[in-house]
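Notes follow the structure.
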Amino acid sequence: MRKEIVVNVGHGETRAAVLEDRRLAELYIERDEDERVVGNIYKGRVENVLPGMQAAFVNIGLERNAFLYVDDALAHLRNGNGGEANLDRVKVRSIKDVLREGDEVIVQVSKEPIGTKGARVVTNLTLAGRYLVLMPTVEYVGVSRRIQEEAERARLKALAKRLRPKGMGLIVRTIAAGKDEEDLIRDAQFLLKVWDRLRRKAAEAKAPALLYKDYDLVYRLVRDSFTPDVTKFVVDSEEEYRKTLDLLDSLAPNLKERVYRYHEGPPIFEAYQIESEIEKALDRKVWLQSGGYIVIDQTEALVSIDVNTGRYIGSTNLADTVLRTNLEAASEIARQLRLRNFGGIIVVDFIDMESKEHEQMVLRRLEEELRKDKTKTHVLGFTHLGLVEITRKKTKQNVPDILQKPCPHCEGSGRVLSEATVAHRVERELRKLSHTTQAAAFLVEAHPSVAALLIGPGGSNLKRLEKELNRTVYVRGVENRHVEEPSILSGSREEIERQAMPVREGDVVRLKVEEPHISNPKDGIARLEGYVVDIEGAGRKVGQHLDVEITRVFRTYAKARVVSR
């Protein structure tokens with residue numbers, strides 16, 4: 001199987017795709033406005049202890065307090081009150097035996113805040129390196145289950161036992177298979193230095209405080225996913241390309257020759273046909289090659305997947321048609337779970353099969369495909385209702401929740417792309433057009449919330465975009481334009497300027513005052529074909545129609561004064 005990693009670095013957004021035989025298998029998205037907290041370690045303060053829930057809420061400095069379950073808090077008791085021997089003497093009956101309000105506790109985020117729920121945290125800390133995971137709070141040695149050769153497992157376990165610091169634990173990662181002792185020693189020494197810095201910071205910091213922040217997306221990809229079975233690592237940013245090579249100097253020098261800098265041509269995700277695959281990852285219906293299809297519905301409690309034969313009518317008999325469709329669906333379902341990053345309970349309604357042998361064939365195919373998934377997943381088999389139950393560990397937002405938001409028009413029964421997603425798409429489309437057209441200027445008409453993101457504070461984003469494209473770009477907000485449907489016009493500067501700015505200095509027009517100016521309430525705001533007009537002294541005349549003279553014209557708005565006729 002050919003495996004590639006493709007990285008697209010944009011302004012405020014980094015996207016990475018893992019391709020298997022040129023098909024999108026995993027997608028990672030990291031945005032400046034959506035800070036990732038999984039893996040971060042904090043010094044927190046216990047705000048509430050709830051015996052009825054056997055949990056505590058811990059203030060770690062985020063918007064919502066983190067949730068700490070009693071079983072995940074025992075390491076605090078072990079490390080803070082006399083070690084293992086003390087834990088044996090204390091019979092933990094309640095969370096109150098472990099924590100009190102006001103206690104300071106060092107915790108690590110194991111699950112991102114999702115929806116209205118705060119982050120989930122644990123006191124058993126882990127620090128991940130390339131080959132090892134250091135567990136400073138438990139004495140344990142383990143080897144990844146994905147390393148299946150018994151002789152290699154025994155060798156690595158013996159190495160880990162020799163390297164394990166006193167009172168701590170080590171887990172050997174899958175990528176360590178075949179590595180010599182020197183590689184593991186360097187990794188263990190690096191992790192111990194990180195832990196020493198963390199401990200010193202914890203002793204000085206006042207809760208709530210961030211003690212350790214997990215690395216950015218590109219670093220995590222190089223550390224965790226850039227394994228010897230990856231044939232190519234392609235990135236379209238010179239800065240990230242250099243950083244990747246620097247990281248590999250210490251992590252895996254032999255892989256540096258597989259790193260490539262993408263230079264010219266269409267945007268990198270279009271060149272690899274990834275954009276179209278992302279679009280499909282948002283579709284409710286996914287077609288199979290045979291003509292069958294699966295329907296994916298996400299709810300608060302679970303994800304349900306229904307399998308249908310669709311256009312596939314088979315060539316022999318009904319049982320064979322059903323089996324072939326279900327086998328193909330099993331492979332696609334495993335891929336979609338990874339791609340969309342669904343977690344929790346997944347229920348699959350395969351087409352009914354009369355043969356138990358056929359059911360077992362479908363389950364084997366599903367389990368075989370899910371072995372490619374690094375996230376812990378269990379197939380529980382067919383229920384009495386003929387449904388297949390799957391559980392998959394939930395650690396962060398899934399891809400549809402990142403790229404989309406509940407539709408404000410249908411109050412959540414449907415979904416639309418978020419303004420940030422649309423703004424990033426417009427920027428990518430402008431970059432594409434700048435390669436394929438000789439036009440000197442562009443006019444973007446978009447919903448005002450999208451237009452505001454494209455323009456940026458004080459026009460900063462617009463200036464940056466014009467500098468990158470070496471083109472003139474006008475952006476106009478249009479209130480009645482759907483958030484997902486911006487338009488881009490191209491042409492000469494004179495043509496685009498005439499369309500972008502419908503008024504000239506000295507023009508007298510009649511406009512309706514829509515609202516006071518947000519930062520200068522004395523002035524009123526009106527709009528002409530989506531173009532903003534700031535009317536001096538009209539802040540108290542909202543709803544009135546006024547004759548105004550245009551006094552000054554700018555790229556994104558005009559100034560005006562009231563005149564009498």
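The values are calculated or read from the model by the stated rules, or taken from the named source; none is laboratory data. Predicted model, so just to flag it, every value in this text is computed and none were measured. Cβ atoms come from the backbone with ideal geometry, glycine included; neighbour counts cover every protein chain shown. For the accessible areas, the whole protein counts, side chains as well, though only heavy atoms, and no ligand, DNA or RNA atoms are used. Shrake-Rupley method; radii C 1.70, N 1.55, O 1.52, S 1.80 Å.
The figures follow:
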| item | result |
| --- | --- |
| The chain, accessible area per residue, ligands and nucleic acids excluded (1.4 Å, Å²) | 52 |
| Acute angle (nearest 10 degrees) that the helix 150-163 long axis makes with the longest principal axis of the chain, alpha-carbon atoms | 80 |
| Residues residue 551 and residue 515, FRET efficiency given R0 of 22 Å [Cβ-Cβ distance, rounded to 0.05] | 0.65 |
| Antiparallel bridges, percent of DSSP beta bridges restricted to the chain (to nearest 5) | 75 |
| Net charge of neighbours whose Cβ lies under 12 Å from the Cβ of residue 318, counting Lys and Arg as +1 and Asp and Glu as -1 | -2 |
| Neighbourhood net charge (10 Å Cβ-Cβ; Lys/Arg +1, Asp/Glu -1) for residue 425 | -3 |
| Whole-number percent relative contact order across region 182-295, with pairs defined as alpha carbons under 8 Å at least 6 apart | 16 |
| Share of carbon and sulfur in the accessible heavy-atom surface of region 424-552 [1.4 Å probe, %] | 46 |
| Mean Cα-pair separation over length for region 448-565, i.e. relative contact order, pairs under 8 Å, 6 or more apart, % | 21 |
| Listed peptides 141-154, 488-501, 5-18 by packing density, highest first (mean Cβ within 10 Å) | 5-18, 488-501, 141-154 |
| In degrees, nearest ten, helix 238-251 long axis to first principal axis of the chain (Cα) | 10 |
| Cα-Cα over 32 Å, subset of 117/232; 256/376; 166/376; 193/393; 111/157; 206/372 | 117/232; 206/372 |
| Total formal charge among the other residues, if their Cβ is under 14 angstrom from that of residue 243, Lys/Arg +1 and Asp/Glu -1 | -2 |
| Efficiency of FRET between residue 227 and residue 356 - r from beta-carbon atoms, R0 35 angstrom, step 0.05 | 0.40 |
| Normalised contact order of region 273-390, rounded percent, pairs of Cα under 8 Å and 6 or more residues apart | 22 |
| Carbon plus sulfur fraction of accessible area for region 220-263, probe 1.4 Å, in percent | 46 |
| Residue 508/residue 260 FRET efficiency (R0 60 Å; Cβ-Cβ; nearest 0.05) | 0.50 |
| Spatially proximal lysines relative to residue 559 (Cα-Cα < 18 Å; intrachain offsets below 8 disregarded) | 512, 522, 541 |
| Folded to 0 to 90 degrees: helix 318-340 orientation relative to the chain principal axis, Cα | 80 |
| Approximate spin-label separation residue 242-residue 375, in nm, with each point projected 7 Å along Cα-to-Cβ | 3.5 |
| Accessible area of residue 382 in the full protein assembly, 1.4 Å probe (Å², nearest 10) | 50 |
| Among [x] 36.4; [y] 29.6; [z] 33.7, the entry derived from the coordinates for mean projected area of the Cα convex hull in nm² | [z] |
| Computed label-point distance, nm, for sites residue 297 and residue 33 using a 7 Å Cα→Cβ extension | 3.1 |
| Inter-label distance, nm, simple model (7 Å from Cα along the C-beta direction), residue 273/residue 194 | 3.7 |
